[in-house]
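First comes the structure, then the notes that go with it.
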Amino acid sequence: MSHLGSSRAEMARKTGGHMKNTVALLTLLALVGLSYEIGRSRDETVVHAAEASKWAKVEIPLNVYHHESRALPNAGIAGAEGFWQSTSASKDKQLVSPVAVKISCTRSDKTCTESEASVVFGVLKADLLEYDVTSWTEEGVVADDTDEGNCGIGHRLSLDFKSNSVTVTDYPKKVTSSDNCQAFQDANSYVLQGGNLVLDPPATWDPLAKPAGKK
């Protein structure tokens, strides 16, 4: 089983004290930088918070597709796409960044892939997770990611054809006292919401612009 890139539980879904400390530090640095810029020149243009782009959700009904071959009993495909949302209303269980995903399952290969794009502290990242199909019936698909990572986190993906829903659960497979893994000792579940994640207002993009830090 291959698991390319950082695991979802160790990147986009991080919760707990160490992430809160990071957010607090970044916020402090941003405030210090803003104070310096304002004090340097009153004539410079200031971008107000109301004008900054923010991530917004555009929700539509989820479509979980699946197709079975009558000629080949073990041939079939299933999948869905949208973005993850926590099944919990607790603030500590929410994603720290938007995560858009596309899920594709192939019955003959007994695999499901989760292609995802996320923005973590302003950095756009791509990731690919692979699951082994453990059950494929007329009611749905269940698949597990056996790559536990350093913190021993398991991932179970479930596609339900009857309810037209997709869920994923990240759960600890071992007890650990490591400070880096304390935030992952509780199970976290996410449901796939149909729709898109958009920047509002749209952010500008210049493919010919010089990289940040270069003159």
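Which of the residues that make up segment 157-195 are free of Cβ contacts under 8 Å to residues at least 60 places away in the same chain and part of a strand (DSSP E or B)? Selection gives L157, S158, T169, Y171, P172.
Yes or no, residue by residue, for (1) in contact with a Ser or Thr (Cβ under 8 Å, 6 or more places away or on another chain); (2) of a type outside the set (S, T, N, Q):
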residue: D147; (1), (2): yes, yes
residue: C151; (1), (2): yes, yes
residue: S163; (1), (2): no, no
residue: T169; (1), (2): yes, no
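Within segment 197-211, the set of residues being assigned to a loop (DSSP other than H, G, I, E, B) and of a type outside the set (D, E) comprises P201, P202, A203, T204, W205, P207, L208, A209, K210, P211. Counting residues in segment 36-58 that are modelled with pLDDT of 50 or more and among the aromatic types (F, W, Y) gives one or more.
Scan segment 101-129 for residues that are crowded, with 17+ Cβ neighbours inside 10 Å and closer than 19 Å to T169 by Cβ and jot them down. Those that are crowded, with 17+ Cβ neighbours inside 10 Å and closer than 19 Å to T169 by Cβ: V101, I103, C105, C112, T113, E114, E116, S118, D127, L129. Per the conditions (1) more than 20 Å from the chain's Cα centre (by Cα); (2) modelled with pLDDT of 95 or more, the sole criterion not satisfied by W205 is (2).
Being surrounded by 18 or more Cβ atoms within 10 Å (Cβ to Cβ), without any contact (Cβ under 8 Å) to a residue 60 or more places away in the chain, hydrophobic (A, V, I, L, M, F, W, C) and within 21 Å of L95 (Cβ to Cβ) is not true of C151.
Here the strands (runs of 3 or more DSSP E) wholly within segment 52-156 that include at least 2 residues being at negative phi and among the acidic types (D, E) are 111-120, 123-136, 140-145.
W136 meets each of the listed conditions (1) surrounded by 15 or more Cβ atoms within 10 Å (Cβ to Cβ); (2) closer than 30 Å to V58 by Cβ; (3) touching a Gly at 6+ places or on another chain (Cβ under 9 Å) apart from (2).
The values are calculated or read from the model by the stated rules, or taken from the named source; none is laboratory data. As the structure is a computational prediction, the values presented were derived from the model and not from experiment. All Cβ positions, even for glycine, are placed from backbone atoms using ideal geometry, and neighbour counts span all protein chains on display.
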